[in-house]
Amino acid sequence: MVTVKLKPLDEILRSLSGFKRVYIIGCQLGSARCKNGGLREAYKIAGYLELKGFKVTGVKSPGGTCVLERLDHSSKSLLREAQESADVILSLACGAGTQLIAENVTIPVKTGVTTLFIGSEREGRYFEEYCIACGDCVISDTGGICPVARCPKSLTNGPCGGAIAGKCEVDPNLPCIWFKIAQRMEQLNELEKLRKPVPMKDYSLSVYPRKLVLEE
Ligand code: SF4
Ligand code: SF4
């Protein structure tokens, strides 16, 4: 899931300075799940902006903002309503969703969030980065655990040797992910596979901007 974090209110206020009528678009997928940009937060920001003298002309969400590109009937009418009623849109969707909004309207679009990472939700309380979308996934060979995102040095061919008592030398609050990988491989009776040479990772596959073309 793409994770986002709300920007501080004074920063949001600064990005809206000079505008009077604001339309707020939340996202009910990643942003809502992170409690940082769903409709609940959108309504709170609306209340704050009204107190600061703005006129909030609407607070809505198309559901998942990143699928807006399909522009179904309700998405189109939401964007039309936004640009006919406001001078500016405040988006609480991730960077992808916000750019899609901006591509489909003629008024300025500001963001109220920062997009953080692709994360996994832990115990319903926090999110951990699990994938950096490297374009050349290796986790079939590492017990289903990603060393690229979860080792601070992104080492794909084994541990750096700096771990102390199973903790990462870069951040002692984290386990050395290579210990976890070895434990998992042992549990799967696949430890021997870690002795095999690791093919070079193709980093050209992570050069931006990337595309995924769907077959007809
Ligand atoms: S190896 Fe790459 S694609 Fe696979 S989980 Fe890790 S970062 Fe994501
Ligand atoms: S201690 Fe482990 S997780 Fe930390 S940088 Fe070294 S190999 Fe990576």
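A few points about this structure:
- Amide hydrogen proximity for residue 91: with H placed 1.01 Å from N in the peptide plane, the residues at 5 or more positions away or on another chain lying under 5 Å are 25, 110, 111, 112.
- Around the amide H of residue 56, modelled in the peptide plane, lie the amide H atoms of 22, all under 5 Å away and 5 or more residues distant in sequence or on another chain.
- With neighbours defined as other Cβ atoms within 10 Å of a residue's Cβ, the residues 1, 200 order from fewest to most as 200, 1.
- Ascending count of other beta-carbon atoms within 10 Å, so fewest first, for 59, 207: 207, 59
- Relative contact order of the chain, defined on C-alpha pairs under 8 angstrom at six or more residues apart (%): 18 percent
- Report note on the peptides 179-188, 25-34: ranked by the mean count of other C-beta atoms within 10 Å, highest first, their order is 25-34, 179-188.
- Other-chain or far-sequence residues with amide H under 5 Å of residue 117's (modelled H): 3
- Taking a straight line from the alpha carbon of residue 76, these lysines sit under 21 Å away, with near neighbours fewer than eight places off in the same chain left out: 60, 110.
- Protection proxy ranking of 40-52, 140-152 - average other beta-carbon atoms within 10 Å, highest first: 140-152, 40-52
- Label sites at residue 43 and residue 131, each approximated as a point 7 angstrom past Cα along Cα to Cβ, lie 3.2 nm apart.
- Rounded FRET efficiency, nearest 0.05, which uses the C-beta distance separating residue 11 from residue 139 and R0 of 25 Å: 0.10
- Charging the Cβ of each Asp and Glu at -1 and of each Lys and Arg at +1, and nothing else, the dipole of the stretch 15-125 about its Cα centre rounds to 300 debye.
- Between residue 183 and residue 60, the FRET efficiency estimated from the beta carbon spacing at R0 = 41 angstrom works out to 0.30.
- Rounded to 5, the percent of DSSP beta bridges in the chain classed as antiparallel: 50 percent
- Dipole magnitude of the chain, debye to nearest 20 (Cβ charges: Lys/Arg +1, Asp/Glu -1, about Cα centre): 560 debye
- Computed from backbone phi with θ = phi - 60° and the Karplus coefficients 6.51, -1.76 and 1.60, the 3J(HN,Hα) list for the stretch 121-129 is 7, 10, 6, x, 10, 8, 10, 10, 5 Hz; x is used for glycine and proline.
Every number in this text was worked out from the coordinates using simple rules, so none of it is lab data. Just so it is clear, the structure is predicted and the values come from calculations on it, not from any experiment. All Cβ positions, glycine included, derive from the backbone under ideal geometry; neighbour counts span all protein chains shown.
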